[in-house]
Amino acid sequence: MWWPRCRLSAVRMIGARMSGAAGGDKRKELEEEPGVGLQGSGQPPTKKPRNKKGKSGRYVPPPKKKSLGISFSHQHFRETQYYFENDLRKVIPYYFDFQTYCKGRWVGKTLREVFSSEFRVEPIEYYTQAAKAGRIRLNEEPTDLNTVLKNNDFMRNTVHRHEPPVTAQRIEILIQDQEVVVVDKPASIPVHPCGRFRHNTVIFILGKEHGLTELHTIHRLDRLASGVLMFAKTLAVSKKMDQQVRERQVQKEYVCRVQGEFPDGEITCEEPILVISYKVGVCRVDPTGKPCRTLFQKLSYNGTSSVVRCCPYTGRTHQIRVHLQYLGHPIVNDPVYNTEAWGPHRGKGGKVNKTDDELLKALVDVHKLKESLDLLDLPEADHHCAVEEGSTDNTESSTLQLSSQTEVHAIVRTIDENSEVAEEQVGKAEDGSSLEVTKDTASGQEETPVIVKDHLCGECKLVRKDPSAKDLVMYLHALRYKGLDWEYCSTLPWWAAADWQED
């Protein structure tokens, strides 16, 4: 019964040859069609694009090809500068473009309707003024909020971006050769751009201060965790490392300080873990979760808390933190898994007695009350929303927005990393607002910058307290990573000393 398929293939081949013989004019037509060129030719269209306004009166250009990956260059690193204050690394606010193509659910709606229903970071009055100032553009043209959106419309929204401060502690490079860069990551610094963080990330700091660009992330550490962090310099090395990780050939060793006296001997936890919110990044033990295994061993006990050695055999999100919570010994200062949001026993034994939505809302409420939403690592819009209601492989996305009571709706604003940025180190808006940096010419050191506030920016009108030293660290440290022919180690953190006592 194989012959009909062969016959069909032969018919298709004959048809293709006939169309190729008689289709020269059609091929030429495609070559000359606006926005269409020969694939791989590298040649632009041979004719100028025609204005295809039609009956609607508005031309929508064809969508551009999506970038296959994100690569940060010195052009991106020059968007703004750092300054140091109160033992914190701070970023001078700068102008940044959020970009996206029109979503299917937006087609036929006005920009006003979309911003009112889905982009509630700012009141609609802000977006009206932003459009008048030319900061909201459609297909690279100024627009107003009454414009009706079409399929493939390209939206660009320029915002005045503020980043939370991180520790001023330097990133120590442990190893750098032709294949890898291995650093000792300080707590509080995210690995790569995410949420509200961009320049205050390991990737950007290494690029800006050490000239290390196009690094490939091999593994990640939680923002508040510290320790060994590896990057590959080439895609080939990255794939080799990834294969070792997938085949469980990489041994990982962490240390942490947990609440109470941890049991003696080796304790193994094999409870499956379920991600209940990818956007917020919260997990819990659940029978329907993914299988995982962690080995624990107590190293010391100071009367109130224990230092524990942790060896995860799998790499689930927050695996060590969730398993310690399940065992009844959460990390002492874990801002997610050691809070009253999990109930009186704080999730011990997997007992929460709340739905996932109720748990997420409880976590937000706890940190809103403590004015510490940054510790929950909620992306950009959540922070703005919470403040206004009265109380961040290398992809970058933003924002979550909270609904009325229980649900968390995710709105991802895609960022085109190939967009143009200012060549100057001082940002400037289209309306002339600018940022000024003063320097001590004698010492060459940066002074506290004089920052000119943006008249449309709601964040510029807020006064935020600097985080305390306790807010910048979680007692979880990646001590050692070992592969087939390599091993990288860092030193024990100060809080892991056997006689250490918390103030």
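Under 18 Å from the 7 Å Cα→Cβ point of LEU299, by amide nitrogen: which residues of the range 174-192? Residues passing the 18 Å test: 184-187.
Rounded to the nearest Hz, the phi-derived 3J(HN,Hα) couplings of the range 191-203 under the Karplus curve 6.51 cos²θ - 1.76 cosθ + 1.60 (θ = phi - 60°) are 6, 9, x, 6, x, 8, 9, 9, 6, 7, 9, 4, 4, where x marks glycine and proline. Charge tally for THR294 (other residues, Cβ to Cβ under 12 Å; Lys, Arg +1; Asp, Glu -1): +1.
Estimate the FRET efficiency between ALA236 and TYR278 by the formula 1/(1 + (r/R0)^6), using the beta-carbon distance for r and 22 Å for R0, to the nearest 0.05. About 0.15, to the nearest 0.05.
Phi angles of the range 267-275 translate, via the Karplus equation with coefficients 6.51, -1.76, 1.60 and θ = phi - 60°, into HN-Hα couplings of 10, 10, 10, 10, 6, x, 10, 10, 7 Hz per residue; Gly and Pro are given as x.
In nm, what is the difference between 0.36 nm times the number of residues separating GLU125 and THR355 and their Cα-Cα distance?
That works out to 79.2 nm of additional length.
Our coupling estimate for the range 276-287, obtained by passing each phi through the Karplus curve with A = 6.51, B = -1.76, C = 1.60 and θ = phi - 60°, is 9, 7, 5, 6, 7, x, 10, 10, 7, 6, 7, x Hz, Gly and Pro reported as x. Put simply, when 308-317, 182-191, 478-487 are sorted by average Cβ atoms within 10 angstrom per residue, most first, you get 182-191, 308-317, 478-487. Between SER300 and VAL307, the built amide H atoms are under 5 Å apart, and every one of these is 5 or more places off in sequence or on another chain.
Report the calculated FRET efficiency for THR491 and ARG78 (r = Cβ-Cβ distance, R0 = 30 Å), to the nearest 0.05. Efficiency computed from Cβ-Cβ geometry: 0.30. When every Cα-Cα distance of the range 229-379 is counted in 10 angstrom steps from zero, the calculated P(r) takes the values 11, 36, 34, 17, 3 percent.
Calculated on C-alpha atoms, the gyration radius of the range 137-233 divided by its Kirkwood radius gives an Rg/Rh of 1.16. With a cut-off of 14 Å on the backbone N, the residues of the range 140-167 near the modelled label site 7 Å out from SER116 along Cα-Cβ are 145-148.
FYI, it's all coordinate maths here, none of it is from the lab. The model shown is predicted, which means the values in this text are computed figures rather than measured ones. A quick note on method: Cβ atoms are made from the backbone with ideal geometry, for glycine too, and the neighbour counts reach across all protein chains shown.
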